[in-house]
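The values are calculated or read from the model by the stated rules, or taken from the named source; none is laboratory data. Note that this is a predicted model, so its numbers are computed, not measured. Positions of Cβ are backbone-derived with ideal geometry, glycine not excepted, and every protein chain shown enters the neighbour counts. To get the accessible areas, we keep the full protein, side chains included, count just its heavy atoms, and leave off ligands, DNA and RNA. Shrake-Rupley method; radii C 1.70, N 1.55, O 1.52, S 1.80 Å.
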Amino acid sequence: MSFVDVVATVIAVGIFLGSLFDWFIHVLALSFGVRHLYKKVEPQPDEELPGVSIIKPLTGVDPHLKSNIETFFKLNYPKYELLFSVETENDPAILVIKSLIESYPKVDAKLFIGMRIVGANGKINNMVKPYEAAKYDAIVISDSGIKMEESTLTNMVAELSSDVALVLQMPFVCTRKGFAATYEQVYFGTMQARNCLSANAVGINCSTGMSCLLRRDVLDREGGLAAFGKYLAEDYFIAKAILNQGYKIRLCTTPAMQNCGQYSIGQFHDRLVRWAQLRSSMLPTLIILEPLSECIVMGIAASWAVQYLFDFSAMGYFLLHVLLWFLLDYLMFRTVMGGPLPFSKFEFFVAWLLRELLSPYVLLTCHRNRTVTWRNKKYRLKWGGVVDEPAPPKPASVHSVSVI
């Protein structure tokens with residue numbers, strides 16, 4: 001056997017073992033999702049439930065902003081406060097928040113206006129003041145586009161314990177109109193769900209900060225929320241710091257329901273590119289490994305490996321690979337939905353196929369430059385997840401105003 005044959009054999013064996021690992025991830029995520037998602041949570045007496053401070057950083061007004069935030073005023077939980085924060089005095093979200101506070105006078109809610117600059121991360125800057133003013137040790141950080149069920153906060157708190165310092169909600173999407181909404185929902189119900197569920201099944205850091213519950217006493221040992229202002233992916237580094245202290249992370253039984261009123265395939269691809277940029281800067285090994293976790297890329301590579309090693313038809317193996325991947329993703333989506341598809345099977349297939357075909361484009365686009373655009377600001381991304389300061393914001397008031 002020549003040197004070239006040896007090298008080709010080693011590569012083929014490596015790819016084949018990698019494909020087996022991909023199938024293992026599918027099965028692990030699916031089995032964990034079936035066992036964990038939507039499982040019944042045993043109710044605790046009200047007097048045993050901790051108080052919770054919910055921080056919601058806001059920027060601008062989304063068509064669904066009022067209806068999304070109103071769900072937080074209707075939570076079935078005995079003791080919590082809502083802490084809203086906006087960057088400037090002219091933010092239109094202020095009128096929405098004030099009207100809801102007036103409509104629900106019995107809910108403990110406050111509004112903070114003005115940032116405290118602690119780093120490049122605008123979201124952290126927007127949350128520092130409400131974080132420091134929070135009454136309770138249990139802190140929920142919740143993005144503006146999240147819609148809550150009445151029981152969701154209870155389900156999150158149920159996962160908290162003496163050795164658990166962070167409870168995550170798996171990202172998902174509310175059912176909305178249009179193919180762009182279907183496309184986004186299929187991604188979060190398949191690829192994103194597979195990664196999130198498999199990682200949490202074995203205790204790997206796969207944190208997403210759009211909706212999470214954490215213990216402030218644990219975070220304060222790391223310098224509080226302000227210590228993470230230098231990172232753009234603050235959720236990953238908060239989770240990493242908590243794990244380093246010896247605490248555990250748990251996944252809530254109910255997903256985080258994103259309900260953005262403005263969406264398109266182009267806007268969603270921009271999010272995917274930004275997330276891929278952050279992942280590759282924090283974990284450079286993913287530059288090679290992430291493409292091999294995609295159906296089409298791994299299918300092509302594994303087809304060659306199987307033909308080379310076992311003299312099996314590459315085309316036949318590729319078609320079987322895609323079919324099995326599709327069927328497992330279909331079962332995954334049903335599991336995340338907790339029931340039947342909210343659209344036709346044909347729509348699911350088209351959205352799934354388009355996402356799989358475009359995933360290599362998204363991964364290639366993320367490597368074109370190291371500049372990340374987020375909330376109309378540009379950040380220079382460095383290795384390790386650290387970002388340079390963006391351009392200075394327009395002059396604005398930085399004081400804090402509370403509304404009861």
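Just wondering, is there one or more residues in segment 102-110 that are in a helix (DSSP H, G or I), modelled with pLDDT of 95 or more and either small (Gly, Ala, Ser) or out of contact with any Lys or Arg (no Cβ under 7 Å at 6 or more places or on another chain) (or both)?
First, pick out the residues of segment 102-110 that are in a helix (DSSP H, G or I): 102-103.
Applying the additional criterion that residues be modelled with pLDDT of 95 or more yields 102-103.
With either small (Gly, Ala, Ser) or out of contact with any Lys or Arg (no Cβ under 7 Å at 6 or more places or on another chain) (or both) added as a condition, the list becomes 102-103.
Checking segment 102-110: at least one residue is in a helix (DSSP H, G or I), modelled with pLDDT of 95 or more and either small (Gly, Ala, Ser) or out of contact with any Lys or Arg (no Cβ under 7 Å at 6 or more places or on another chain) (or both).
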- [ ] Restricting attention to segment 151-195, report how many residues are out of contact with any Pro (no Cβ under 7 Å at 6 or more places or on another chain), within 25 Å of Arg274 (Cβ to Cβ) and of a type in the set (A, V, I, L, M, F, W, C).
- [x] 11
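Can you tell me which residue among Phe112, Phe72, Phe3 is under 28 Å from Ala302 (Cα atoms) and not aliphatic (A, V, I, L, M)?
Numbers: Phe112 fails: under 28 Å from Ala302 (Cα atoms); Phe72 fails: under 28 Å from Ala302 (Cα atoms).
Criteria check complete, one pass: Phe3.
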Open item on the list: I'd like the full set of residues that are over 21 Å from the mean Cα position of the chain (by Cα) and either open to solvent by less than 50 Å² (accessible area, probe 1.4 Å) or without any contact (Cβ under 8 Å) to a residue 60 or more places away in the chain (or both), limited to segment 351-360.
Closed with: Leu353
Task: Selection from segment 135-149 of residues that are surrounded by 21 or more Cβ atoms within 10 Å (Cβ to Cβ) and under 18 Å from Ile238 (Cβ atoms) - done: Ala138, Ile139, Val140, Ile141, Ser142, Ile146
Open item on the list: Quick test of your reading of the structure: Ser99 fulfils all but one of (1) more than 21 Å from Cys212 (Cβ to Cβ); (2) crowded, with 22+ Cβ neighbours inside 10 Å. Name the failing condition by number.
Closed with: (2)
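Take the residues in segment 32-55 that are in contact (Cβ under 8 Å) with a residue 40 or more places away in the chain and in a helix (DSSP H, G or I), then tell me which one is farthest from Ala201 (Cα to Cα).
The initial filter retains those residues of segment 32-55 that are in contact (Cβ under 8 Å) with a residue 40 or more places away in the chain, namely 32-34, 36-39, 41-44, 49-55.
Still in the list and also in a helix (DSSP H, G or I): 32-34, 36.
Values: Phe32: 6, Gly33: 9, Val34: 12, His36: 10 Å.
The residue in question is Val34.
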Task: Single match in Trp352, Trp325 (criterion: under 22 Å from Ile25 (Cα atoms), touching a Cys at 6+ places or on another chain (Cβ under 8 Å) and either among the hydrophobic types (A, V, I, L, M, F, W, C) or in a helix (DSSP H, G or I) (or both)) - done: Trp325
TODO: Hey, can you tell me all the residues within segment 117-134 that are charged (D, E, K, R) and either part of a strand (DSSP E or B) or buried (at least 18 other Cβ atoms within 10 Å of the Cβ) (or both)?
DONE: Lys123, Lys129
Task: Verdict on Ser85 being in contact with a Lys or Arg (Cβ under 8 Å, 6 or more places away or on another chain), open to solvent by 50 Å² or more (accessible area, probe 1.4 Å) and either among the polar types (S, T, N, Q) or part of a loop (DSSP other than H, G, I, E, B) (or both) - done: no
- [ ] Kindly provide the set of residues from segment 240-268 that are crowded, with 22+ Cβ neighbours inside 10 Å and assigned to a helix (DSSP H, G or I), ordered by number.
- [x] Ile242
- [ ] Considering only segment 315-339, state which residues are under 19 Å from Asn195 (Cα atoms), open to solvent by less than 40 Å² (accessible area, probe 1.4 Å) and either small (Gly, Ala, Ser) or under 22 Å from the mean Cα position of the chain (by Cα) (or both).
- [x] Leu328, Asp329, Met332, Phe333, Thr335, Val336
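Select from segment 87-120 the residues that are of a type in the set (A, V, I, L, M, F, W, C) and either more than 28 Å from Ser151 (Cβ to Cβ) or over 26 Å from the mean Cα position of the chain (by Cα) (or both) and list them in ascending order. Outline the logic, then answer.
Of segment 87-120, the ones of a type in the set (A, V, I, L, M, F, W, C) are 93-97, 100-101, 107, 109, 111-113, 115, 117-118, 120.
Across segment 87-120, the qualifying residues are Ile94, Leu95, Leu100, Ile101, Val107, Ile113, Met115, Ile117, Val118, Ala120.
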- [ ] Quick one: in segment 51-77, of everything that is touching an Asp or Glu at 6+ places or on another chain (Cβ under 7 Å) and surrounded by fewer than 19 Cβ atoms within 10 Å (Cβ to Cβ), which residue is nearest to Gly209 (Cα to Cα)?
- [x] Thr59
Open item on the list: Out of everything in segment 102-116 that is within 15 Å of Ile55 (Cα to Cα) and not basic (Lys, Arg), what residue ends up being most open to solvent (accessible area, probe 1.4 Å)?
Closed with: Asp108
TODO: Output the number of residues of segment 269-290 satisfying the condition of being assigned to a helix (DSSP H, G or I) and either acidic (Asp, Glu) or modelled with pLDDT of 90 or more (or both).
DONE: 1
Task: Subset of segment 150-164 that is of a type in the set (Ser, Thr, Tyr) and outside any helix (DSSP H, G or I) - its residue that is surrounded by the fewest Cβ atoms within 10 Å (Cβ to Cβ) - done: Ser162
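Tell me which residues, restricted to segment 209-225, are open to solvent by 30 Å² or more (accessible area, probe 1.4 Å) and either touching a Lys or Arg at 6+ places or on another chain (Cβ under 8 Å) or not small (Gly, Ala, Ser) (or both). Show your work before the answer.
To start, the set of residues in segment 209-225 that are open to solvent by 30 Å² or more (accessible area, probe 1.4 Å) comprises 215-217, 220-223.
Arg215, Arg216, Asp217, Asp220, Arg221, Glu222, listed by residue number.
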